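Participant: Have a look at the structure that comes next, please.
What follows is calculated from the coordinates using simple rules that are stated; it is not laboratory data. Because the structure is a prediction, the values reported are computed rather than measured. Cβ placement follows ideal geometry from the backbone for every residue including glycine, while neighbour counts extend to all protein chains displayed.
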Amino acid sequence: MLQGRGGFIALVLTAALFALPLYLPGQAGANANRFEVYSWWTGPGEGEGLEAMIKHFTTANPDIEFVNAAVSGGAGSNAKAILASRLLANDPPDSYQRHAGLELLDDVRSEKVQDLTDLFEEQGWMTTLPQGLLDNLTIDGKIYAVPVNIHRANLMWYSPATLEELDLAAPPKTWDEFLAQAPGIAATGRTPLALGSAWTQKHLLETVLLGELGPDLYVGLWTGRTSWLSTEVTAALETFKQILRYTDLRSAASDWQPQIDRVIDGTAVYAVMGDWANSYFSLTKQLKWRAEYDVVASPGTEGVFDFLSDAFTLPTGSQHPTLAKKWLVECGSVEGQNLFNPIKGSIPARTDADSGPYKDYLAWNLKQWRDPKTTIVGSLAHGVVANNAWSAEIDTALALFMQDGETGKFATTVAKKYRETR
Ligand code: GAL
């Protein structure tokens, strides 16, 4: 038995030590060989590409343990909020997913991410990535994230069998054509256009704006050059409202995979979604491109590529920056990109990546991305063109618009919030 005051204090301290949980920074903990990478790639069609790259990475680095801290929910709908609280608590993962573009701005301004310019120079990425993408990763002259891919947002997916059953010769080339087809489709009891959760509705909005306004006016929406109150934008928003009448908005799917399921099972005819859907059709559901599922540029956007890019950062306060940098090198390598992208449904960010691994839809898309005649614009729903504050205001205004359908109110709010959040 411990005697005296000193003994008592020692006993209390020992008891307290065992009662306290060990401090674990993130899931990687203090283990020097373990590091944590954060993304939202868990669901079918999303997780497999990441797994392929992890396998390559861990085979090349057998001593390193990769903690895959992915949080489910398309477009980061859950992951982003959880990440925000971790960053606020100064408990960052060792690397986390962000989109190229203005989505990075807050992290840079609040010094949550480290400058990677030296890594870009060391790896030669300044010359092996497209200039437009580098511009979208650069803030105040420095680069803050390593891109692993290019995804395309302006796509409309469908099942050729459904079109045949409905006697529809081809998918619509314009939204007017869609609106001409839609009543006939609806009369058969099918949904003309499937929707998913809120972010998929924003995704649809951006593609309708792009299709109706054309790339010049669309780009101007995000730079202040196109007035949200102009007659062109008002007309485009009215078209959007018409389109919504032919969607399953009131019983929308919970995420993009169940949205696509409605196209696959024929209860819906079309869905506008990014090309992560390609992996879902072809790998998860084992369907054949062109024969069993097909895709066109979303109405009115032929020759235009609405891009987004997934990139990984090196957070300030990463517990394992050396391991995280190895991961970033994997993300930026031709080999890593060529393992990841064919499975993810995306194409390589690197201009020197061989096109061989890209088949079917991916070959079709890669050709357009690399065609100098293609016009490239950035995505709203996936972080390229609007800063986070404005984007969140657009979410709120859009949720209201989905209830009240007041285009004028929506446009006025979005324009006002643009000025307020600059
Ligand atoms: C996007 C992301 C894609 C894909 C998609 C659906 O924001 O860039 O890689 O994950 O969300 O979840």
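Participant: Where the convex hull is taken over the Cα atoms of the range 199-347, what is its projected area averaged over directions, in nm²?
Facilitator: With the hull built on Cα positions only, its mean projection is 12.2 nm².
Participant: Follow-up question, since we're still on this one. Just want to confirm a number: the relative contact order over the range 90-164, from Cα pairs under 8 angstrom separated by 6+ residues, in percent.
Facilitator: That works out to 34 percent.
Participant: Still on this model: Can you report the principal axis dimensions of the range 162-221 using only the alpha carbons, biggest first, rounded to whole angstrom?
Facilitator: 40, 25, 15
Participant: I would also like to ask the following. Among the aspartates and glutamates, select those whose C-alpha is under 17 Å from the C-alpha of residue 373, and discard any that sit fewer than 8 residues away in the same chain.
Facilitator: 216, 302, 306
Participant: Follow-up question, since we're still on this one. Could you give the dipole magnitude of the range 278-417 about its Cα centre, charging the beta-carbon of Lys and Arg +1 and that of Asp and Glu -1, in debye to the nearest 20?
Facilitator: 200
Participant: Two decimals is fine: what's Rg over Rh for the range 297-363, C-alpha atoms, Kirkwood radius as Rh?
Facilitator: My calculation puts Rg/Rh at 1.08.
Participant: Output the antiparallel fraction of DSSP beta bridges having both residues in the chain, as a percent to the nearest 5. Provide the component values of the computation, followed by the final result.
Facilitator: Values: 18 of 35 bridges.
Around 50 percent of the beta bridges assigned by DSSP in the chain are antiparallel ones.
Participant: Same structure again: Relative to the first principal axis of the alpha-carbon coordinates of the chain, what is the inclination of helix 388-404, with its axis defined by its Cα atoms, in degrees from 0 to 90 and to the nearest 10?
Facilitator: Compared with the principal axis, the helix lies near 50 degrees.
Participant: Still on this structure: Give me the net charge for the shell around residue 325: Cβ to Cβ below 13 angstrom, other residues only, Lys and Arg +1, Asp and Glu -1.
Facilitator: In short, -4.
Participant: With the chain treated as a Gaussian network of Cα nodes joined by springs under 10 Å, which of 151, 203, 56 yields the largest mean-square fluctuation?
Facilitator: Residue with maximal mean-square fluctuation among 151, 203, 56: 56.
Participant: Take the Cα pairs of the range 326-408, get the Kirkwood Rh, then feed it into Stokes-Einstein at 25 °C and 0.890 mPa s and tell me D in µm²/s.
Facilitator: 157
Participant: List the aspartates and glutamates whose Cα lies under 16 Å from the Cα of residue 409, skipping any in the same chain that are fewer than 8 positions away.
Facilitator: Cα-Cα hits under 16 Å: 232, 238, 393, 395.
Participant: In degrees, nearest 10, range 0 to 90: what is the angle between the Cα axis of helix 198-223 and the longest Cα principal axis of the chain?
Facilitator: For 198-223 against the chain, the angle is about 70 degrees.
Participant: Would you mind checking the pairs 173/288; 326/367; 288/344; 112/417; 288/359; 55/325 and listing those with alpha carbons more than 19 angstrom apart?
Facilitator: As for pairs spanning more than 19 Å Cα to Cα, those are 173/288; 326/367; 112/417.
Participant: Another question, then. Per residue, what volume in Å³ does the Cα convex hull of the chain take up? Don't jump to the answer; show the numbers that get you there.
Facilitator: Details: hull volume 76.1 nm³, N = 422.
Enclosed volume per residue, from the Cα hull, is 180 Å³.
Participant: What Kirkwood hydrodynamic radius, in Å, does the range 226-270 give when the mean of 1/r is taken over all pairs of distinct Cα atoms and then inverted?
Facilitator: With all distinct Cα pairs of the range 226-270 included, I get 12.3 Å.
Participant: Using alpha carbons only, how many degrees (0 to 90, rounded to 10) separate the axis of helix 4-19 from the longest principal axis of the chain?
Facilitator: 20
Participant: Moving on to the next point. For residue 220, what is the net charge nearby, where nearby means another residue's Cβ is under 14 Å from its Cβ and Lys, Arg count +1, Asp, Glu -1?
Facilitator: On the way: positive: 225; negative: 206, 212, 216, 232.
Within the 14 Å Cβ shell, the charges total -3.
Participant: At 222 nm, what value in deg cm²/dmol follows for the chain if DSSP H runs of at least 4 each add -39500 (n - 2.57) and the sum is divided by all its residues, to the nearest 500?
Facilitator: -14500 deg cm²/dmol
Participant: Given Cα pairs under 8 Å that are at least 6 residues apart, what percent is the relative contact order of the range 275-413?
Facilitator: Answer for the range 275-413 is 26 percent.
Participant: Picking from 121, 393, 292, which is most flexible by a Gaussian network model of the chain using Cα springs under 10 Å?
Facilitator: Checking each option, the largest mean-square fluctuation is seen for 121.
Participant: Take the alpha carbon atoms of the range 111-201, find their radius of gyration, then divide it by 2.2 N^0.38 Å using N residues; give the quotient.
Facilitator: It is 1.78.
Participant: Take the chain, connect every pair of alpha-carbon atoms lying under 10 Å apart with a spring to form a Gaussian network, then pick out the residue of 380, 87, 193 with the largest mean-square fluctuation.
Facilitator: Ranking 380, 87, 193 by mean-square fluctuation puts 87 first.
Participant: Given 37 °C and 0.692 mPa s, how large is the Stokes-Einstein diffusion coefficient of the range 63-163 in µm²/s, with Rh as the Kirkwood radius over Cα pairs?
Facilitator: Using the Kirkwood radius from Cα pairs, D works out to 206 µm²/s.
Participant: When every alpha-carbon pair in the range 280-422 is counted, what percent end up more than 28 Å apart?
Facilitator: Result: 41 percent of Cα pairs exceed 28 Å.
Participant: With N denoting the number of residues in the range 60-122, provide Rg(C-alpha) divided by 2.2 N^0.38 Å, to two decimal places.
Facilitator: The range 60-122 yields a ratio of 1.28.
Participant: Starting from the Kirkwood Rh over alpha-carbon pairs, what translational D in µm² s⁻¹ does the range 24-96 have by Stokes-Einstein at 10 °C and 1.306 mPa s?
Facilitator: In µm²/s, the coefficient is 124.
Participant: Same structure, new question: Can you give the local net charge around residue 229? Use residues other than it whose beta-carbon is closer than 15 angstrom to its beta-carbon, Lys and Arg +1, Asp and Glu -1.
Facilitator: Residues close to residue 229 contribute a combined charge of +2.
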